[in-house]
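Below is one structure, written out as structure tokens; comments come after it.
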Amino acid sequence: GAGVSQSPRYKVAKRGQDVALRCDPISGHVSLFWYQQALGQGPEFLTYFQNEAQLDKSGLPSDRFFAERPEGSVSTLKIQRTQQEDSAVYLCASSILGGDTEAFFGQGTRLTVV
Amino acid sequence: QKEVEQDPGPLSVPEGAIVSLNCTYSNSAFQYFMWYRQYSRKGPELLMYTYSSGNKEDGRFTAQVDKSSKYISLFIRDSQPSDSATYLCAMSESSGGSNYKLTFGKGTLLTVNP
């Protein structure tokens, strides 16, 4: 596709509900990243995939957060039993290769937990 | 203390002004330095990317890195209302390590008034 596509753009979840956020990276991009951006803050790293392999999940805040990229393309970030502190914009980015190539960001999914 | 510090502003300037944005960092392993622009409700987009100390110029934008002082800057000349956005500095470690993981500053909100 032309750019990184994320869906839904907005999600409102009741506390305790499970949510799934989708990311379609740029076609052919090997690397995929998830970041969390709280209101008024910079993005914070959550996890990194190279193809289907999750090479780093050190930024996931708790075991309620789970990410997958089973076929090395589309990725899903799942949050179980959502809490109010999970409210943030979740950004997905992709790059052709690794860290010294440009990462292109999607528009993000704004999650509000009520 | 966060690894990357950035004054969040807000910063308001008249059209045509020179804008100076800055970040400091504490991690000596940071070797790649980037500036991203983020419009409201959009994902970050890469403006400038530098590896070494010194200056890099691209049109109205100049990025400056001083590794000895752990200080980076972005200068915008002849600022335009369309430059109004949040500017995020970002950094990553050298190749072979965690070079894929970006550490962002908090972002500086810039408004350029016509």
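Things to note:
- Candidate residues A:D86, A:D63: accessible-area rank, largest first, probe 1.4 Å: A:D63, A:D86
- For the protein assembly as shown, the equivalent ellipsoid derived from the alpha-carbon gyration tensor has semi-axes of 29, 20, 16 Å in decreasing order.
- A versus B: buried accessible surface, summed, Å² (probe 1.4 Å, to nearest 100): 1800
- Heavy-atom SASA rank of B:I72, A:I26, B:I18 (probe 1.4 Å, accessible area, largest first): B:I18, A:I26, B:I72
- Region B:4-113 - percent of accessible surface contributed by carbon and sulfur, probe 1.4 Å: 48
- Sites A:S7 and A:F66, calculated FRET efficiency, Cβ-Cβ separation with R0 22 Å, nearest 0.05: 0.80
- Surface accessible to a 1.4 Å probe, A:V30 within the full protein complex, Å²: 30
- Each residue, A:K78 and A:R15, gets one label point 7 Å from its Cα in the Cβ direction; the gap between the two is 2.4 nm.
- Under DSSP loop assignment and at most 14 Cβ neighbours within 10 Å, longest trypsin sites (Lys or Arg not before Pro)-free interval of chain B: B:3-40
- In this Cβ point-charge picture (+1 for Lys and Arg, -1 for Asp and Glu), chain B has a dipole of about 240 debye about its Cα centre.
- Selection of GluC sites (Glu not before Pro), region A:55-95, meeting DSSP coil and at most 14 other Cβ within 10 Å: A:E71
- Solvent-accessible heavy-atom area per residue, rounded to whole Å², over region B:4-113 at 1.4 Å: 44
- Assigned charges on the beta-carbon of Lys, Arg, Asp, Glu; region A:1-83 dipole about Cα centre (debye): 460
The values are calculated or read from the model by the stated rules, or taken from the named source; none is laboratory data. All values reported here derive from a predicted model rather than from experimental measurement. For neighbour counting, all protein chains shown are included, and Cβ atoms are generated from backbone atoms with ideal geometry for every residue, glycine included. We work out accessible area using only protein heavy atoms, side chains counted, and drop any ligands, DNA or RNA first. Shrake-Rupley method; radii C 1.70, N 1.55, O 1.52, S 1.80 Å.
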